[in-house]
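Before any comments, here is the structure.
Every read-out reported here was derived from the displayed coordinates using simple, explicitly stated rules and does not represent laboratory data. Computed from a predicted structure; not experimentally measured. No Cβ is skipped: glycine too gets one built from the backbone with ideal geometry, and neighbour counts run over all protein chains shown.
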Amino acid sequence: MSTSERVDVPDALAASYGRSDAGRAWLAALPAQVSDFLARWELRRDGEAASGMASLVLPVVRADGTRAVLRLQMPKEETDAAPVGLRAWNGDGAVRLLAHDRTSGAMLLERLDGSRTLASVADDDTAMTVLAGLLRRLVAVRAPEGLRGLGDIAADMLEQVPTAVTALPDPVDRQHLRTWAAVVADLAGEPGDRLLHWDLHYGNVLAGEREPWLAIDPEPLAGDPGFDLWPALDSRWEELAASGEAHRVVRRRFDLLTDALALDRERAAGWTLGRLLQNSLWDIEDGSTALAPSQIAVAEALLHR
């Protein structure tokens, strides 16, 4: 393999995938995958590889001279959904999809500035207003057929609650979980049909050239836009918690988001509690025996606004 094709796998990606046989096999095949897609899509490398926990991102230049990134990730349900959403948005508020390989999940994407996320904007109202404007455009699109639906997700969550409650020794935590589940049960009959990003926080908004800011890394889902608010409310959480202003800022963010998206606030608050329920069920499945303080803080901010 030539030097131009050699891939130095970033440590975070190696650690993420190195815990399973399937992950290690995917890592071992990664250099050949890179070589294949460079040739297939007529790409030239244009810098060092970077990564998150789940994907390798390689800056490239296309045959016509336009800059792009090659994104490779181990195939799973979310990788199948991402190109569906990106095609539906077609660059309106989100990074543009230039090419996609269904078998491997490889995507060729518009090049954005990976060094500058929306978290770099110091004023929280300004940052949240930008995010809200992007989210408004994204959820304006009706979800394409075939995506996971919030109705199925809600039903699955409600089925898990009775067992999950037994894993929480604190009766206050158990009551939180039951309360959130009751709200979801009331809303589940009308799950919505909008195209949701499902993970739009400050770190998933990058600076661009075509537009000042664009959303990246969607995990598309069909549902009610209220279910899409929590990642924004939770942005920069450690900094927010340390300020002692968490409840006030969460309520301010919630107002900005619901105003921008013209959402009914009671319904949006209810579906946000649904996200807290989902997060908590995942935590319990991973062995947690207490609800995360951030989840409780967001719930308190919305229930007592």
In units of 2.2 N^0.38 Å, the Cα radius of gyration of the chain is 1.04
Cα gyration tensor of segment 1-160 diagonalised, 5x eigenvalues square-rooted, in angstrom largest first, produces semi-axes 28, 22, 17
Segment 35-104 -> Rg/Rh from Cα coords, Kirkwood Rh, value 0.95
Helix 246-261: inclination vs the chain longest Cα principal axis, degrees, rounded to 10, gives 70
Rounded to the nearest 10, the angle in degrees between the Cα long axis of helix 265-285 and the longest principal axis of the Cα atoms of the chain comes to 70
Once both label points are put 7 Å beyond Cα along the C-beta direction, the ALA99-ALA32 separation in nm becomes 2.0
Ordered by fewest other Cβ atoms within 10 Å, a rough proxy for footprinting exposure, SER35, SER120, SER235 read SER120, SER35, SER235
By the mean-Cβ-within-10 Å protection proxy, highest first, 214-220, 49-55 rank as 214-220, 49-55
From the Cα centre of segment 26-86 to that of segment 129-143, the distance in Å is 26
The rounded separation in angstrom of the Cα centers of segment 283-301 and segment 168-236 is 15
Most packed first (mean Cβ within 10 Å per residue), the peptides 165-175, 126-136, 195-205 order as 195-205, 126-136, 165-175
Helix 171-187: inclination vs the chain longest Cα principal axis, degrees, rounded to 10, gives 80
Taking the square root of 5λ for each eigenvalue of the C-alpha gyration tensor of segment 115-174, the equivalent ellipsoid has semi-axes, largest first and in whole angstrom, of 34, 23, 9
Residue separation between ARG87 and ASP113 times 0.36 nm, minus their alpha-carbon distance, gives in nm 7.3 nm
